[in-house]
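K.L.:
Quick one: the structure is below, and I'll ask about it shortly.
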Amino acid sequence: MKTMRFSTVIHASRERVWATLWNDTTFQDWASLIDEGTYLQGVLQEGSEVQFLSSENGYGVTSLVEKLEPNAYVLFRHSADTQDSGQELREKEWTGGMESYSLSERNGVTMLVVLADIPDEMEEIFAVRLPLALERVKALAEKAAP
């Protein structure tokens, strides 16, 4: 696995960006650019497990919310790769990897930084799709910003 870094500058408060990242409707909007039909199942709270699942192919990743600072930082540690909408284990492509989202704001402008451990065979796909997803987060957050 390789750790990849992605970032974007968003003209909105970090609270607005956070809401765009993790609100169910907007999450599905931007995450579907990475993997069609992706949704988040579970409660985003430190110490809990969540699942990132694809309604299109049924594959997903179960992750521990290892650290959470609302409106500022979340760190996921991927604990299992799943299929059949999270019901069955599959190859361990993502298991053990981490993914974090950091937000810092200055004068109403937020820097969003994503660090993600990506399996070697997925690097090219994520190098294209994750920047597109972040551009979508930016558009959604800036559209909603007052």
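The values are calculated or read from the model by the stated rules, or taken from the named source; none is laboratory data. Just so it is clear, the model here is predicted, and its values are computed rather than measured. Ideal geometry is used to build each Cβ from the backbone, glycine not excepted, and the neighbour counts take in all protein chains shown.
K.L.:
Which number in (1) surrounded by fewer than 19 Cβ atoms within 10 Å (Cβ to Cβ); (2) of a type in the set (S, T, Y); (3) under 12 Å from the mean Cα position of the chain (by Cα) marks the one condition that S63 misses?
P.N.:
In the conditions (1) surrounded by fewer than 19 Cβ atoms within 10 Å (Cβ to Cβ); (2) of a type in the set (S, T, Y); (3) under 12 Å from the mean Cα position of the chain (by Cα), S63 misses (1) alone.
K.L.:
Could you give every pair whose Cβ atoms fall below 6 Å, whose first residue belongs to region 46-71 and is within 20 Å of D117 (Cβ to Cβ), and whose second residue is among the basic types (K, R) and surrounded by 15 or more Cβ atoms within 10 Å (Cβ to Cβ), counting only separations of at least 6 or pairs across chains?
P.N.:
That search, which allows pairs on different chains as well, returns L64/R77; E66/R77.
K.L.:
Of all residues in region 100-146, which are without any contact (Cβ under 8 Å) to a residue 40 or more places away in the chain and among the acidic types (D, E)?
P.N.:
Keep residues of region 100-146 that are without any contact (Cβ under 8 Å) to a residue 40 or more places away in the chain, which gives 100, 102, 106-107, 121-122, 124-125, 128, 139, 143, 146.
E121, E124, listed by residue number.
K.L.:
Another one. Would you pick out the residues in region 23-34 that are in contact (Cβ under 8 Å) with a residue 24 or more places away in the chain and either touching a Cys at 6+ places or on another chain (Cβ under 6 Å) or not small (G, A, S) (or both)? It would help to see each step written out before you state the result.
P.N.:
Pass one, region 23-34, residues in contact (Cβ under 8 Å) with a residue 24 or more places away in the chain: 26, 29-31, 33-34.
Listed by number, the residues that qualify are T26, D29, W30, L33, I34.
K.L.:
Which one is surrounded by the most Cβ atoms within 10 Å (Cβ to Cβ), of the residues in region 34-60 that are within 15 Å of A133 (Cα to Cα) and over 13 Å from the mean Cα position of the chain (by Cα)?
P.N.:
Restricting to residues being within 15 Å of A133 (Cα to Cα) and over 13 Å from the mean Cα position of the chain (by Cα), the top hit is G37.
K.L.:
If I filter region 96-110 down to residues being under 15 Å from the mean Cα position of the chain (by Cα) and among the aliphatic types (A, V, I, L, M), which single residue comes out as modelled with the lowest pLDDT? Break it down stepwise before answering.
P.N.:
Our first condition is that a residue be under 15 Å from the mean Cα position of the chain (by Cα); within region 96-110, this holds for 97-103.
Those still in the list that are among the aliphatic types (A, V, I, L, M) too: 98, 103.
Working: M98: 93, L103: 98.
Out of the qualifying residues, it is M98.
K.L.:
Search region 100-120 for residues being hydrophobic (A, V, I, L, M, F, W, C) and farther than 9 Å from R14 by Cα, and hand back the single one that is surrounded by the most Cβ atoms within 10 Å (Cβ to Cβ).
P.N.:
From region 100-120, those hydrophobic (A, V, I, L, M, F, W, C) are 103, 109, 111-116, 118; that's our starting set.
After this cut, where a residue has to be farther than 9 Å from R14 by Cα as well, the list is 113-116, 118.
Working: V113: 15, V114: 19, L115: 15, A116: 22, I118: 20.
Filtering region 100-120 for residues that are hydrophobic (A, V, I, L, M, F, W, C) and farther than 9 Å from R14 by Cα, the one surrounded by the most Cβ atoms within 10 Å (Cβ to Cβ) comes out as A116.
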